[in-house]
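Here's the structure, in structure tokens; my notes come after.
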Amino acid sequence: MTPPYVPGHGLLKDRAVVITAAAGAGIGGATARRCLEEGGRVLISDTHERRLTASAQELEKEFGAERVAALPCDVTSEEQVQALYDLAVERFGRVDVAVNNAGLGGTADLVDMTDEQWSRVLDITLGGTMRCTRAALRIMRDQSSGVVVNNASVIGWRAQKGQSHYAAAKAGVMALTRCSALEAAGFGVRVNAVSPSLAMHPHLVKVTSEELLDELTRREAFGRYAEPWEVANVIVFLASDYSSYMTGEVVSVSSQHA
């Protein structure tokens, strides 16, 4: 049984938040909503312009246009990433929280995998997280404050057939989180990550077989997948002052059997 939705408590009041891959009903979209419910101001981005526009309009209607901004962004492009963070500063005056959610999965056994498949997953999932973290830290360094939250995956720890590229990328996100956290601590900035196991959303259903989803769900102690907002709750915790002593940590958002 899914637990009741948790109401906002003002944990991010007036804070400026940038979230990648935030259009639609996945973890990024749920995080945008949760940050707004917690009092934040949010700049959302995605490569899917039509879906991004629809998401922004929905959030503006509910939370007010002055608290919501949107800009298409391909995280493989340094120019587009820089434009995203330039807009955040222009619109909100600062960047308090960066949520790096963009990633690309897929299934392919290594013996059949092409260089293009490998490189694309690594460039979006790991390279994109690096570019966005770098852009955020440059702003946060000058502010002497801020929080970065990366979206990793339990697959960065645990093996799964057909996921060599995605697992390598997510393990890289974990390592990037730990190393950048040590660097950022010197100027008062924290960097952490969440590591979800199975959070259901429409895109996952499209790219994953029903058989595999059933198998993954059976591994969960609660016998169900996570709702995207349950992962977003942990992201909000890491972005808030409640996690003020945490940096370089990767928090598992999972009920998988040990």
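Considering segment 1-16 alone, what residues qualify as being buried (at least 24 other Cβ atoms within 10 Å of the Cβ) and in contact with a Phe, Trp or Tyr (Cβ under 9 Å, 6 or more places away or on another chain)?
A16
Search segment 134-156 for residues that are surrounded by fewer than 24 Cβ atoms within 10 Å (Cβ to Cβ) and in a loop (DSSP other than H, G, I, E, B) and pair each with any residue that is modelled with pLDDT of 95 or more and not basic (K, R) when their beta-carbon atoms are under 9 Å apart and the residues are at least 6 apart or on different chains.
S144/F187; S144/G188; S144/V189; S145/D96; S145/F187; S145/G188; S145/V189
Does T47 satisfy the criteria of being crowded, with 17+ Cβ neighbours inside 10 Å, in contact with a Pro (Cβ under 8 Å, 6 or more places away or on another chain), touching a residue at least 12 places away in the same chain (Cβ under 8 Å) and β-branched (V, I, T)?
Yes: the conditions hold for T47.
Among the residues in segment 27-44, are any within 15 Å of F92 (Cα to Cα), in contact (Cβ under 8 Å) with a residue 12 or more places away in the chain, in contact with a Ser or Thr (Cβ under 8 Å, 6 or more places away or on another chain) and surrounded by 15 or more Cβ atoms within 10 Å (Cβ to Cβ)?
Scanning segment 27-44 turns up at least one residue that is within 15 Å of F92 (Cα to Cα), in contact (Cβ under 8 Å) with a residue 12 or more places away in the chain, in contact with a Ser or Thr (Cβ under 8 Å, 6 or more places away or on another chain) and surrounded by 15 or more Cβ atoms within 10 Å (Cβ to Cβ).
Every residue, every condition in (1) of a type in the set (F, W, Y); (2) surrounded by fewer than 24 Cβ atoms within 10 Å (Cβ to Cβ); (3) over 16 Å from H48 (Cα atoms); (4) in contact with an Asp or Glu (Cβ under 8 Å, 6 or more places away or on another chain), yes or no:
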residue	(1), (2), (3), (4)
G64	no, yes, yes, no
A69	no, yes, no, no
P72	no, yes, no, yes
E79	no, yes, yes, no
A88	no, no, yes, no
R91	no, yes, yes, no
V97	no, no, yes, no
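The values are calculated or read from the model by the stated rules, or taken from the named source; none is laboratory data. Everything numeric in this text was worked out from a predicted model, so none of it was measured. FYI the Cβ positions are ideal-geometry reconstructions off the backbone, even for glycines, and counts take in every protein chain you see.
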